[in-house]
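The values are calculated or read from the model by the stated rules, or taken from the named source; none is laboratory data. Because the structure is a prediction, the values reported are computed rather than measured. Here the Cβ positions follow ideal geometry from the backbone for every residue, glycine too, while neighbour counts run over all protein chains shown. What goes into the accessible areas is simple: the full protein's heavy atoms, side chains included, and nothing from ligands, DNA or RNA. Shrake-Rupley method; radii C 1.70, N 1.55, O 1.52, S 1.80 Å.
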Amino acid sequence: MSRFALGCFRTTARPAGDQRLFRLPAAQRRLATTTGSFTRALHRHTGHPVVVRRLDEGWRGHVAGRWPIPRVTRVWERRVRLESGDARVDALTQVVGPLTPRLHRAITGLADTPLMEVLARQPRCRRLSFRVSLRGGRISRETVYRIHLARVRVTEWFDIDLC
């Protein structure tokens, strides 16, 4: 998997985060603030293989009132659950903007492939923001990437007591 150190991974800026994250045990804090593949980080954290279960996938209608105003009227969304041992992580990916044919095929043909494997292969991928927050007993991670003119927002959330 080291061949994926391209595209979005050229720079590794630290995430903007909630100061309450410092109260977490080091293992959970490392998992929450990983800047590479979250699937691989979850595998290292639990010691079990990670199964990606698709919950929902497809095109949605216009979302101009939400995160960045799209140049097109459709948004592609994918909801998955990552399962590894006793750990359950819910993730939502949203893609807004004009997609190149190559990116369109890669994003819509993910099946159970981890998203970072596709994003890292994109030569013009840049990570715009990375935020980690703690709300109640749940950790939330939100990352926004730009690939050509398209914006890709990935949100993961999980419980603090993740084994």
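Screening Gln94 against (1) at pLDDT 90 or above; (2) closer than 16 Å to Ser140 by Cα leaves a single unmet condition, (1).
Quickly run through the range 39-56 and pick out the residues that are in contact with an Asp or Glu (Cβ under 6 Å, 6 or more places away or on another chain) and assigned to a helix (DSSP H, G or I). Listed by number, the list is empty, since nothing qualifies. The residues on offer are Thr39, Thr46, and the sole one that is among the polar types (S, T, N, Q), modelled with pLDDT of 85 or more and over 18 Å from the mean Cα position of the chain (by Cα) is Thr46. Within the range 74-88, the residues that satisfy the criterion of being of a type outside the set (Lys, Arg) and either modelled with pLDDT under 55 or part of a strand (DSSP E or B) (or both) are Val75, Trp76, Glu77, Val80, Leu82, Glu83, Ser84, Ala87. Here Glu142 qualifies as open to solvent by 30 Å² or more (accessible area, probe 1.4 Å), without any contact (Cβ under 8 Å) to a residue 24 or more places away in the chain and within 12 Å of the chain's Cα centre (by Cα). Thr33 meets the conditions (1) crowded, with 16+ Cβ neighbours inside 10 Å; (2) modelled with pLDDT under 75; (3) farther than 20 Å from Ile147 by Cβ in every case but one. The failed one is (2).
When Asp112 is tested against (1) at pLDDT 80 or above; (2) out of contact with any Gly (no Cβ under 9 Å at 6 or more places or on another chain); (3) open to solvent by 40 Å² or more (accessible area, probe 1.4 Å), only condition (1) is not met. Close contacts from the range 125-138, counting a first residue that is modelled with pLDDT of 85 or more and a second that is polar (S, T, N, Q) and open to solvent by 70 Å² or more (accessible area, probe 1.4 Å), with Cβ to Cβ under 8 Å and a gap of 6+ residues or different chains, come to Arg127/Thr11. Looking across the range 148-163, the residues that are at pLDDT 85 or above and either under 11 Å from the mean Cα position of the chain (by Cα) or open to solvent by less than 50 Å² (accessible area, probe 1.4 Å) (or both) come down to Val152, Arg153, Val154, Thr155, Glu156, Trp157, Phe158.
Residues in the range 126-139 that are surrounded by 17 or more Cβ atoms within 10 Å (Cβ to Cβ) and either over 25 Å from Val50 (Cα atoms) or of a type in the set (Ser, Thr, Tyr) (or both): 1 in all. Identify all residues within the range 80-109 that are of a type in the set (Lys, Arg) and either in contact (Cβ under 8 Å) with a residue 40 or more places away in the chain or surrounded by 15 or more Cβ atoms within 10 Å (Cβ to Cβ) (or both); write none if there are none. Once the filter is applied, which keeps residues that are of a type in the set (Lys, Arg) and either in contact (Cβ under 8 Å) with a residue 40 or more places away in the chain or surrounded by 15 or more Cβ atoms within 10 Å (Cβ to Cβ) (or both), the range 80-109 yields only Arg88.
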